[in-house]
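Can you read through this structure? Questions will come right after.
Nothing in this text is a laboratory measurement; each read-out follows from the coordinates by a stated rule. Note that the coordinates shown come from a computational prediction; the quantities given were computed from them, not determined experimentally. No Cβ is skipped: glycine too gets one built from the backbone with ideal geometry, and neighbour counts run over all protein chains shown.
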Amino acid sequence: MRIVTWNVNSIRKREEIVRDWLRDHAPDVLLLQETKVTDDKFPGASFEEIGYRLAIHGQPGLNGVAILSRHELTDIRTGLDGEEGDEQARYIEATIAGMRVASVYVPNGTSVGSDKFDYKMRFFARLQRRIRALLEAGETFVIGGDYNVAPDSIDVYDPRACAGEICFHDDERRAFRSMLWNGVYDAFRSVHATRRQFSWWDMRGGSWERDEGMRIDHLLLSPEALDRLEGSDADPSTRAGKGVSDHIPVWCDIGEPQRPRW
DNA sequence: ATGGTGGGTCACCCA
């Protein structure tokens, strides 16, 4: 089962690109972030026509997450607990082929020390609580998305230039590691221990041309999903050219269970 | 240190 995560930076702008990519690669599941559209205006038919079912959670103009799946989607759940009145559409989760699969769009945080940065840090704590609940429930799960944090020095173009900056600040990296210490695993890094592979390059300042990117899109796996992990990679070809997202798709392949659970 | 481009919606916010 191939599960892909892709921040598309507006699904309406990227509808053709995403549909063509899905036709070429035919993954089982695509987790979308920054769809930037309300549910009634999501271009769902375009993906249903090529064999995908949808679970969508959007809002006007900002954020927005979705799950596209070739298999049945059940028990769809949206949002994270822990913040009264939070209207931001950043989390959706569903059961697909016996696994819980989620798409998450962690807040960018804008700048270290801002109100939005505080919200980002609270969001990490809320996400961690969800991870703990899934682990305690014994679920096999994959949470893919734009985490807006590069975990390690190898994951940024210049660790000195990025030190203390948004998406590489120690507080964010600690929050990411804190999730891992509960017993979830970064799929790409589990497969490629030392490979430098960015998933995002800023639209501004010719970052793509200079290869000044970061690896901020991740798939976090439960232990059972890690046992079944058969591969993980990304597709930088989608970043070339005009009219593309600033993020590229990142995926993992989860094999069939090899034996009954203990 | 700033600003660069490209989304959103409709004078700016967000990345």
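Are any residues in the range A:123-148 more than 16 Å from DNA strand B (Cβ to nearest atom) and not in a helix (DSSP H, G or I), and if so, which ones?
Hits for the range A:123-148 are A:ALA137, A:GLY138, A:GLU139, A:THR140, A:PHE141, A:VAL142, A:ILE143, A:GLY144.
Exactly one of these conditions fails for A:PRO151: (1) under 17 Å from the mean Cα position of the chain (by Cα); (2) over 19 Å from A:VAL250 (Cβ atoms); (3) more than 13 Å from DNA strand B (Cβ to nearest atom); (4) assigned to a loop (DSSP other than H, G, I, E, B). Give me its number.
Only one criterion in (1) under 17 Å from the mean Cα position of the chain (by Cα); (2) over 19 Å from A:VAL250 (Cβ atoms); (3) more than 13 Å from DNA strand B (Cβ to nearest atom); (4) assigned to a loop (DSSP other than H, G, I, E, B) is unmet by A:PRO151, namely (2).
Looking at the range A:104-115 only, could you name the residues that are surrounded by 16 or more Cβ atoms within 10 Å (Cβ to Cβ) and either part of a helix (DSSP H, G or I) or on the phi > 0 side of the Ramachandran plot (or both)?
Listed by number, the list holds a single entry, A:GLY109.
How do the helices (runs of 4 or more DSSP H) wholly within the range A:155-228 filter down when requiring 3 or more residues that are in contact with a helix residue (DSSP H, G or I) (Cβ under 7 Å, 6 or more places away or on another chain) and under 20 Å from A:ILE143 (Cβ atoms): which remain?
So the answer is A:170-180.
Can you tell me which of (1) touching a helix residue (DSSP H, G or I) at 6+ places or on another chain (Cβ under 8 Å); (2) over 15 Å from A:TRP251 (Cβ atoms) is the one A:LEU22 doesn't meet?
(2)
Residues to consider are A:GLN33, A:GLN59, A:GLN88; find the one that is touching a residue at least 40 places away in the same chain (Cβ under 8 Å) and within 16 Å of DNA strand B (Cβ to nearest atom).
A:GLN33
Also, quick follow-up: Tell me, please, whether a residue that is over 29 Å from A:TYR119 (Cβ atoms), among the basic types (Lys, Arg) and touching a strand residue (DSSP E or B) at 6+ places or on another chain (Cβ under 6 Å) can be found in the range A:52-61.
Yes, some residue in the range A:52-61 is over 29 Å from A:TYR119 (Cβ atoms), among the basic types (Lys, Arg) and touching a strand residue (DSSP E or B) at 6+ places or on another chain (Cβ under 6 Å).
Which one is nearest to DNA strand B (Cβ to nearest atom), of the residues in the range A:42-56 that are surrounded by fewer than 21 Cβ atoms within 10 Å (Cβ to Cβ) and part of a helix (DSSP H, G or I)?
The extreme case among them is A:SER46.
Here's another thing I want to ask about it. Please go through the range A:185-227 and pick out each residue that is under 23 Å from A:GLU34 (Cβ atoms), among the aliphatic types (A, V, I, L, M) and surrounded by 19 or more Cβ atoms within 10 Å (Cβ to Cβ).
Matches in the range A:185-227: A:ALA187, A:MET214, A:ILE216, A:LEU219, A:LEU220, A:LEU221.
If A:ASP233 satisfies every condition in (1) within 16 Å of DNA strand B (Cβ to nearest atom); (2) in a strand (DSSP E or B) but one, which is the exception?
Only one criterion in (1) within 16 Å of DNA strand B (Cβ to nearest atom); (2) in a strand (DSSP E or B) is unmet by A:ASP233, namely (1).
Further, regarding this structure: For the range A:72-85, which positions are surrounded by fewer than 16 Cβ atoms within 10 Å (Cβ to Cβ) and outside any strand (DSSP E or B)?
Hits for the range A:72-85 are A:GLU72, A:ASP81, A:GLY82, A:GLU83, A:GLU84, A:GLY85.
Quick check on this structure: which one of A:GLY98, A:GLY64, A:GLY82 is out of contact with any strand residue (DSSP E or B) (no Cβ under 6 Å at 6 or more places or on another chain), touching a residue at least 40 places away in the same chain (Cβ under 8 Å), closer than 24 Å to A:PHE124 by Cβ and more than 16 Å from DNA strand B (Cβ to nearest atom)?
On inspection, the qualifying residue turns out to be A:GLY82.
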